[in-house]
């Protein structure tokens with residue numbers, strides 16, 4: 001009696017390995033805390049109430065990596081305490097075409113404003129943000145400027161149909177490292193909403 005072992009294509013093995021590693025990384029990465037207010041699964045849209053948080057913010061140059069490397073330098077020890085700070089998700093960026101192009105990392109929730117060391121790089125601003133209500137549309141794949149704009153248009157149309165008032169600019173939020181396979185990527189357009197525009201049953 002002979003025993004035959006299943007064979008797998010090397011590419012399939014690599015993809016499976018990436019999926020496993022990616023799932024472990026995502027599970028271990030802190031994300032901003034929020035309470036779900038309502039959701040529309042068929043549209044990939046949610047209303048959320050976010051807790052307060054602190055952002056490390058910097059201007060982006062023409063290359064997005066410029067902003068990322070600046071902020072990464074801060075959390076990897078480029079600060080007055082030479083302290084390493086855990087990476088969180090998502091990485092938040094201004095939408096293409098915004099007058100001011102910024103990138104932000106959310107600081108871990110364990111830190112209060114007085115707990116964070118000052119950045120060595122003056123291009124970084126530590127910015128406390130109050131809690132707020134937001135409308136969110138999620139999508140997968142590569143978050144190119146055109147793809148993000150398409151989903152922002154869908155979210156705008158939903159807000160208009162639902163009589164929900166945006167009270168700030170939308171941001172593109174990307175949750176995965178750059179080596180993540182496109183179909184595993186999680187992206188969101190998030191825009192703050194006027195709490196008073198919510199239906200009474202949601203306030």
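Here are some notes:
- Within the range 64-78, the set of residues being under 14 Å from residue 108 (Cβ atoms) and in contact with a strand residue (DSSP E or B) (Cβ under 6 Å, 6 or more places away or on another chain) comprises 71, 74.
A quick yes/no check of all residues on (1) more than 23 Å from residue 183 (Cα to Cα); (2) at pLDDT below 95:
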residue: 88; (1), (2): no, no
residue: 91; (1), (2): no, no
residue: 98; (1), (2): yes, yes
residue: 105; (1), (2): yes, no
residue: 121; (1), (2): yes, no
residue: 125; (1), (2): yes, no
residue: 139; (1), (2): no, no
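- Boolean, residue 179 is out of contact with any strand residue (DSSP E or B) (no Cβ under 9 Å at 6 or more places or on another chain) and either surrounded by fewer than 13 Cβ atoms within 10 Å (Cβ to Cβ) or within 19 Å of residue 95 (Cα to Cα) (or both): yes
- Count of the range 151-165 residues which are touching a residue at least 24 places away in the same chain (Cβ under 8 Å) and under 14 Å from residue 95 (Cβ atoms): 4
- Every test in (1) within 29 Å of residue 158 (Cα to Cα); (2) in contact (Cβ under 8 Å) with a residue 60 or more places away in the chain is passed by residue 39 save one, and that test is (2).
- Within the range 133-149, the set of residues being surrounded by fewer than 19 Cβ atoms within 10 Å (Cβ to Cβ) and not in a loop (DSSP other than H, G, I, E, B) comprises 138, 139, 145, 146, 147, 149.
- Residue 74 passes every criterion in (1) at pLDDT 95 or above; (2) within 19 Å of the chain's Cα centre (by Cα); (3) closer than 27 Å to residue 154 by Cβ apart from (3).
The values are calculated or read from the model by the stated rules, or taken from the named source; none is laboratory data. Keep in mind that what you see is a predicted model, and the values were worked out from it rather than measured. Note that each Cβ is placed from the backbone with ideal geometry, even for glycine, and that neighbours are counted across all protein chains shown.
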